[in-house]
Amino acid sequence: MNKTPLLSIILIGYNSKKFLKYCLKGVESQTFKNVETIFIDNDSADKSVEYVKRYFKWVKVIDNPENIGYVGAANQGIRLSKAKYVMVLNPDLILTPNYLKNIIAKLEKDKKIGVITGKVLKYDFAKEEPTDKIDTTGLYCYRNRRIIDRGQGLTDTGQYDKEEEVFGVSGAVPIYRREALEDIKLPMLTKSRQKDYQELPYEYLDEDFFMYKEDIDISWRLRLRGWKCYYFPKAIGHHGRGTGVLKRFTHWEVYKGRKNLNRFQKYYAYKNQRLMQVKNEMWGNILHDILPILLKEILILGYIVIREPYLLKSFGHLFIQLPHAFKKRRLIMHRRKTTSKKMGKWLSGRAPK
């Protein structure tokens with residue numbers, strides 16, 4: 001009897017054919033072999049589906065007739081899988097051969113880890129070579145609720161070689177414990193974009209998000225239920241990241257980085273940040289951090305009015321989704337296992353000692 005746990009890899013693509021060779025060869029080279037790979041394509045126009053079916057016959061392919069978003073595809077893949085562990089993988093991510101072996105060993109040892117990531121460095125697809133620039137070592141949250149990838153844009157000198165808990169895990173290459181996903185799932189209040197799943201009773205990632213910030217939201221919900229979000233640097237991956245690997249530690253660096261984002265990305269990022277806070281904030285944490293939160297919101301709103309007024313329409317979308325957010329909030333708060341004091345340590349740029 002095979003006692004090795006099964007891992008499902010949910011690879012989500014949208015016009016990502018140029019990355020698939022690198023990504024799937026990285027999966028194929030893994031020393032951990034008890035893996036099923038599901039490629040979910042969101043109605044690409046670049047013949048991604050045909051490419052995977054021809055050259056990677058071991059991959060199960062789901063060809064969606066329309067773009068149901070990153071969140072919709074991720075939920076679709078999680079439902080199709082029955083594995084103990086589930087990885088949601090970006091197509092521009094390349095895993096080193098021992099990545100899964102190292103991660104699964106850690107998950108098997110610590111049963112309270114709900115989601116985990118390795119050390120992810122930038123990959124230069126133009127030169128077809130990895131770099132020593134950090135992409136993510138987990139998520140970091142400031143008191144004003146600005147959330148960044150730890151170390152992004154810095155040269156890797158070993159400064160993040162300590163395994164530890166983090167506020168959350170980036171959506172580039174998270175591996176979730178199924179038990180944790182089942183523990184935090186929420187009622188499906190949004191009419192699913194998946195035609196075969198219109199009457200689904202629940203969701204894992206929030207379908208109101210469509211894409212962007214869903215990784216932060218699910219990390220936050222895991223923490224509220226008492227699950228660990230973990231960083232394990234012995235596992236190394238490389239990420240192309242279309243928006244670029246940028247330093248975003250100061251307001252000036254954030255401002256300069258916005259030129260790399262299109263209007264679609266800015267729209268969903270702005271809306272979903274507020275939606276996420278409505279769902280997950282605890283009153284004790286809000287009162288403690290009210291001044292930095294308000295200052296950030298005022299500055300951002302002023303910037304939008306002056307420089308990016310097209311984002312004002314996101315308020316209408318947010319207002320429409322608020323009733324769902326409040327219903328989910330009541331469930332999240334009713335079932336939470338942590339206190340505002342414990343949660344506050346993760347919302348202020350500090351890790352518990």
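Every number in this text was worked out from the coordinates using simple rules, so none of it is lab data. Keep in mind that this is a model prediction, so the values were computed, not measured. In this analysis, Cβ positions are derived from the backbone assuming ideal geometry, glycine residues included, and neighbour counts consider all displayed protein chains.
Multiplying the sequence separation of HIS334 and LYS162 by 0.36 nm and subtracting their Cα-Cα distance, what value in nm do you get? Can you show the working numbers first?
Values: separation 172, 0.36 × 172 = 61.92 nm, distance 3.42 nm.
Extra length available between HIS334 and LYS162 comes to 58.5 nm.
Is the shape of region 1-137 rounded, prolate or oblate, going by the alpha carbon gyration tensor and its root eigenvalues a ≥ b ≥ c, with a/c under 1.5 for rounded and a/b larger than b/c for prolate? Show your work: numbers first, answer last.
Numbers: a/c = 1.63, a/b = 1.19, b/c = 1.37.
The shape class here is oblate.
Where in the chain are the DSSP H helices whose alpha-carbon span along the long axis reaches 20 Å or more and whose Kyte-Doolittle mean is at least -0.5?
Details: long enough: 263-280 (26 Å, -1.53); 290-307 (25 Å, 1.94); 314-335 (30 Å, -0.21).
TM-like helix candidates: 290-307, 314-335.
Filter LYS25/LYS82; LYS112/LYS266; LYS101/LYS162 down to the pairs with a C-alpha to C-alpha distance above 26 Å, please.
Details: LYS25/LYS82 24 Å; LYS112/LYS266 34 Å; LYS101/LYS162 18 Å.
From LYS25/LYS82; LYS112/LYS266; LYS101/LYS162, over 26 Å: LYS112/LYS266.
Based solely on C-alpha atoms, express the radius of gyration and the Dmax of region 263-352 in angstrom.
Computed over the Cα atoms of region 263-352, radius of gyration and Dmax are 14.7, 42 Å.
Which distance in Å, rounded to a whole number, links the C-alpha centroids of region 68-123 and region 315-345?
Using only Cα atoms to place each centre, the spacing works out to 25 Å.
Dipole size in debye (nearest 20) for the chain around its Cα centre, Lys and Arg Cβ +1, Asp and Glu Cβ -1? Spell out each step's value before the answer.
Values: 66 positive and 39 negative charges, 193 e Å.
So the magnitude is around 920 debye.
Rounded to the nearest 0.05, what FRET efficiency do ASN34 and LYS111 give with R0 = 25 Å and r taken as the Cβ-Cβ distance? Could you check? Please list the in-between numbers first.
Values: r = 19 Å, r/R0 = 0.74.
In this case the efficiency is close to 0.85.
Using the Cα centre of region 1-93 as origin and beta-carbon charges of +1 (Lys, Arg) and -1 (Asp, Glu), tell me which of ASN64, THR31, TYR14 is placed farthest towards the positive end of the dipole.
Working it through, the farthest residue towards the positive pole turns out to be THR31.
Looking at the chain as a GNM with Cα springs under 10 Å, which of GLY72, GLY240, GLY316 has the largest mean-square fluctuation?
For the chain, modelled as a Gaussian network with Cα springs under 10 Å, the answer is GLY316.
P(r) for the chain, please, calculated from all Cα pair distances in 20 Å bins and given in %.
30, 62, 8, 0
Summing Lys, Arg as +1 and Asp, Glu as -1, what charge do residues with Cβ under 12 Å from the Cβ of PHE19 carry, PHE19 excluded? Walk me through the intermediate numbers first.
Details: positive: LYS17, LYS18, LYS21, LYS25, ARG241; negative: ASP46, ASP92, GLU128.
Here the charged neighbours net out to +2.
Any idea what the dipole of region 268-353 comes to, in debye rounded to 20, about its Cα centre with Lys/Arg Cβ at +1 and Asp/Glu Cβ at -1?
620 debye
Where both partners of a DSSP beta bridge lie in the chain, what percent of those bridges are antiparallel, to the nearest 5? Mind showing how you got there, number by number?
Working: 21 of 46 bridges.
Antiparallel: roughly 45 percent of the beta bridges in the chain.
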